[in-house]
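**Student:** Have a look at the structure that comes next, please.
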Amino acid sequence: CMSHILPASYAWGNFSVLALGIWAIVQRDSLDAIMMFLTGLLLTVLTDIIHISVFYPPNYYLSDVKRFSIGMAIFSLLLKPVSCYLVYQMYRERGGE
């Protein structure tokens, strides 16, 4: 979100899932909160792939800040499956099937 290469929907989607994650941590007994967080993470994996592939700039247009911003977005995308697995384990611990 630093260099505004990706649209505002990228930031809104990821910050909304972050808010769901905070809600899931605070509500320790709620299966709905953890399930919404897991669903949001899975949905942002798909939307992040679309955002990065559609809005990736040409090589001659990349400055260092833009290259770092896109690199962090790709790194975040690579860590999301690990986050999904850990959230699924939390779901199972809370009694989900």
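**Student:** What does the charge count near residue 29 come to, summing +1 for each Lys or Arg and -1 for each Asp or Glu among other residues with Cβ under 15 Å from its Cβ? Before the final figure, lay out the partial values.
**Tutor:** Working: positive: 28, 92, 94; negative: 32, 93.
Counting the neighbours of residue 29, the net charge comes to +1.
**Student:** Something else: Do you know the relative contact order of the chain, to the nearest whole percent, from alpha carbon pairs under 8 angstrom that are 6+ apart? Could you put the intermediate results ahead of the total?
**Tutor:** Working: 67 pairs, mean separation 39.4, N = 97.
Value for the chain: 41 percent.
**Student:** Could you give the length gained by full extension between residue 64 and residue 42, i.e. 0.36 nm per residue of separation minus their alpha carbon distance, to one decimal place? If you can, show how the numbers build up before the last one.
**Tutor:** Details: separation 22, 0.36 × 22 = 7.92 nm, distance 2.96 nm.
Result for the pair: 5.0 nm of gain on full extension.
**Student:** Just to check I understand the Karplus step: with θ = phi - 60° and J = 6.51 cos²θ - 1.76 cosθ + 1.60, what whole-Hz values come out for the stretch 39-54, glycine and proline as x?
**Tutor:** 5, x, 4, 5, 5, 6, 4, 5, 5, 5, 4, 5, 4, 5, 6, 7
**Student:** Output ³J(HN,Hα) for the stretch 87-95: one whole-Hz value per residue in order, computed from phi by the Karplus curve 6.51 cos²θ - 1.76 cosθ + 1.60 with θ = phi - 60°, and x for Gly and Pro.
**Tutor:** Along the stretch 87-95, the couplings run 5, 5, 5, 5, 4, 5, 5, 7, x Hz.
**Student:** I need the Kirkwood Rh of the chain: take the reciprocal of the average 1/r across all distinct C-alpha pairs and report it in angstrom.
**Tutor:** Evaluated on the chain, it is 14.4 Å.
Bear in mind that the values in this text are calculations on the coordinates, not laboratory data. All values reported here derive from a predicted model rather than from experimental measurement. As a convention, Cβ positions derive from the backbone with ideal geometry for all residues, glycine included, and neighbour counts pool all protein chains shown.
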